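Encoded as structure tokens, the structure appears first; notes follow it.
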Amino acid sequence: MKDKIKLIPQVKKLTPKKGAFLLADQNTIYIISKTNALFDQAKILKEALNIELNIQFQIVPTLKPQLGINIICDESKEDESYQLKINKDQVIIKSKGSAGCLWGIQTLKQIVKQYKTKLPCLDIEDAPQFPNRGFYHDITRGKVPTLETMKELVVRMSAYKMNELQLYVEHTFAFKAFPELWADKSPLTAEEILELDQFCKIYHIDLVPSLTSFGHFYELIRLKKYEHLNELDIKASEVPYSLRHRMANYTLDVSQKESFEVVKTLIEEYLPLFTSKRFNVCCDETFDLGKGKNKKKADKVGSTRLYVDFLKKILTLVTKHNKTPMFWGDIVLHDPSVIKEIPKDMIFLNWMYHSNPSESKPKIFAKEKVTQYLCPGTSGWNNIMNNIDIACANIGNMADLARKYKAIGILNTDWGDYAHINLLGNSMHGMIFGADCSWSAKNPTNSDFDRSISFLEWQDDSGKTATLIRKLGSVNSYHFRHLYYWSCGLKNHEEDIIRDFDFTKKISANQLVKKHLMAQNIKEELQKLSANNSTTQKLDYQEFIWSAEMTSWLQAFLLYRKKQELKESGIKLIYNKDELIKKGYAILEEIQNLWNKRNKTSELQVVIKTFKDTFHKIECLK
């Protein structure tokens, strides 16, 4: 082995040996198992080998190891550790659990991708650092993925030994009890979840339900029928629709019995669809609690007391259905003294998204001896391209804290704030970096990881792909929410509009021109890589290229605003008005095309309206 083997996640122990195993001489995958339960895993390996090598393999049960590839499992327990031995005459993948066998297969697939039919002899001993290694994907704030997309996501997660998937739902499931809640939202159906749940089992991924149960009830409370359940004493059905309000409002009124009855109905319809033993009730960001109808009580006992009393009712409900509740831990951290009131077998989800997360939060939960996950993020929400530098720093530091404070898992979040403009392919770097950090005893370096993921995920041996998208993520600092506020100019958003104007004033024309050219250069480099790429992830490249084009256009847009709206002198435009709008429409057409390749129609019209309102406002600038 002249070059270091590229493996994601890193393995615990790899011992090189002399010689090579000639895969072309063997076309049989042998499975040794008491129940032949390894057949599904063997099929995953067979399909990968057929695609990678164009060699047709067969699967044969046997009683003892043979010459060729052997998968051995005694199925005595749920074990994720495995051994992979590549000798001159045979390959052996061995584990005490079928999950461990699958992870060994995934490692072998990565080795085959690099060495084709001549595999280097070696011994690998491997096991995960954390038993729970998850990805949390927002399917509420704009995009509802198709079943095919979710299955593809499961396959990609499993390839990097992730074993938990949560899909965030507020109103995007077809609840029979609340048909008006999801009308025109292209929701997930019961049959889609049932099918996805079974598919996840094949890939040893636990599909954990995640449902808003306290805050973030914007869509429900905007309905005339339920607006009385709002903590805020307003007629929400008469308030203009706002993405900002959907992010921050509305919270249930805990003083009304009907509030809990609504939550109970939602949970009891959703819970039976999943075989997971866990249920995430969310209960985060109850921003309005104690600021409206319950203000007098909150002033007396504290809003955290109102929160905990309602939370405990929800946790009890879920526990009665033999599920272990999970919930976001941000609110109880406002008053850690209440943590002792919550049963110890609950799972606290501890989220922080900046580069240098505070040690104080996991330390508090560890001190209280509660079970916690640490939850970093892919830094994609609001961004055209994920800020990969921030994501890697956040994920890596959160993994370090998780190791230090004995968390039982990492749940890497991928939110879709403000209409979910961020694209799934753009989040793959962060998701897979999280997979590495949550499996391994130490985090990978950015340079090593970028080389490995470029090849393993995008078949780019130059390592340029990850470098380019990392660079692109740091070019643009104008978020989609800024465009939304500027385009619609909604009342009650004055502070956000002022921040947008301040940003546009502060950034210099020279900076904008430089960023425009950088994004254009990155786009051209990505187009070259895409043209030479036959990977099944070609759609990722299309999303990268769109992100570069959009980033480039935004700089030209801001430059135009500086001259035409802020009346700054000496500005040399990149595009005139007609060119800017024409290019904008081409970008809009492409995002619609990309959206429809992975998602249902969902709320695409919100994105379309934001672009068209922007073009109209550009047209009106004198």
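Think of region 13-126 as a dipole: +1 on every Lys or Arg Cβ, -1 on every Asp or Glu Cβ, centred on the Cα centre; then among G104, I44, I86, I86 lies furthest on the positive end.
Let me check against my output: what whole-number percent is the relative contact order of region 13-126, with C-alpha pairs under 8 Å and at least 6 apart? Intermediate results must be reported in sequence, preceding the final value.
Numbers: 269 pairs, mean separation 41.1, N = 114.
Relative contact order, region 13-126: 36 percent.
Helix 464-475 and the longest principal axis of the C-alpha atoms of the chain enclose an angle of approximately 20°. Near I31, the amide H atoms lying under 5 Å from its own belong to V60, T62, I71; only residues 5 or more places off or on other chains count, and H is placed 1.01 Å from N. By definition, a body whose alpha carbon gyration tensor gives a ≥ b ≥ c is prolate when a/c is 1.5 or more and a/b is larger than b/c, and region 203-306 fits this prolate description. Taking other C-beta atoms within 10 Å as the exposure proxy, E619, E568 rank E619, E568 from fewest upward. Each part reduced to its alpha carbon centroid, region 252-308 and region 32-99 end up 47 Å apart.
How about region 114-220: which trypsin sites (Lys or Arg not before Pro) there lie in a loop by DSSP and see at most 13 other Cβ atoms within 10 Å? Can you show the working numbers first?
Working: sites: K116, K118, R133, R141, K143, K151, R156, K161, K176, K185, K201; in loops: K116, R141, K143, K161, K176, K185.
Within region 114-220, the qualifying trypsin sites (Lys or Arg not before Pro) (loop, at most 13 other Cβ atoms within 10 Å) are K116, K176.
The angle separating the long axis of helix 428-439 from the principal Cα axis of greatest extent in the chain is about 60 degrees.
Can you list which of the trypsin sites (Lys or Arg not before Pro) found in region 239-288 are DSSP loop residues with at most 16 other C-beta atoms within 10 Å?
Listed in order of number, the matching sites are K277.
Normalising by the residue count of the chain, find the relative contact order in percent from Cα pairs under 8 Å and 6+ residues apart. Intermediate values should be presented prior to the final figure.
Numbers: 1194 pairs, mean separation 75.5, N = 622.
Relative contact order here is 12 percent.
Separation of the alpha carbons by more than 31 angstrom is noted, of K235/K312; K291/K506; K295/K505; K6/K201, for K291/K506; K295/K505. Please give me the summed charge of the neighbours of Q90: other residues whose Cβ is under 14 Å from its Cβ, Lys and Arg +1, Asp and Glu -1. Around Q90, the charge tally is +2.
Partner aspartates and glutamates whose Cα lies under 12 Å from the Cα of K151, excluding those fewer than 8 positions away in the same chain, are identified as E192, E195, D197. Under the criterion of Cα pairs below 8 Å and six or more residues apart, the relative contact order for region 469-620 equals 27 percent.
Take the Cα of K622, go 7 Å toward its beta carbon, and the backbone nitrogen atoms of region 553-568 under 13 Å from that spot belong to 565.
The charge dipole of the chain, taken about the Cα centre with unit charges on the Cβ atoms of Lys, Arg (+1) and Asp, Glu (-1), comes to about 1120 debye, rounded to the nearest 20. Under the simplified labelling scheme, the I608-N576 pair shows an inter-label distance of 3.0 nm, with each label point 7 Å from Cα along Cα→Cβ.
Specify whether the C-alpha gyration tensor of region 13-126 places it in the rounded, prolate or oblate class, a ≥ b ≥ c being the square roots of the eigenvalues: rounded for a/c under 1.5, otherwise prolate if a/b is larger than b/c and oblate if not. Working shown, then result.
Values: a/c = 1.60, a/b = 1.23, b/c = 1.31.
It comes out oblate by the Cα gyration axes.
A simple spin-label model places pseudo-atoms 7 Å from Cα toward Cβ; at A37 and E359 they are separated by 4.2 nm. Judged by the mean number of other Cβ atoms found within 10 Å, the most tightly packed of the peptides 569-577, 324-332 leads the ranking 324-332, 569-577. Using the alpha-carbon atoms, what tilt in degrees (0 to 90, nearest 10) does helix 446-458 show relative to the longest principal axis of the chain? Tilt of helix 446-458: around 80 degrees. Quick one: of K471/K523; K77/K161; K109/K404, which pairs are farther than 20 Å apart, Cα to Cα? The answer is K109/K404. Straight-line cross-link reach from K361 at under 19 Å between alpha-carbon atoms covers these aspartates and glutamates, not counting any fewer than eight positions away in the same chain: D284, E285, D330, D335, E341, D345, D400. Bridgeable aspartates and glutamates around K88 (alpha carbons under 14 Å apart, same-chain partners fewer than 8 residues away excluded): D25, D123.
Each residue in Y560, Y373 was given a count of other beta-carbon atoms within 10 angstrom of its own, and listing them fewest first yields Y560, Y373.
Quick one: grab the alpha carbon gyration tensor of region 471-542, order the square roots of its eigenvalues as a ≥ b ≥ c, and give me rounded if a/c is under 1.5, else prolate or oblate depending on whether a/b is larger than b/c. Before the final figure, lay out each step's value.
Values: a/c = 4.51, a/b = 1.94, b/c = 2.32.
It comes out oblate by the Cα gyration axes.
Every number here is computed from the coordinates shown, using simple stated rules; none is lab data. What you see is a predicted model; the values in this text were computed from it and never measured. Backbone-built Cβ (ideal geometry, glycine too); neighbour counts: all protein chains shown.
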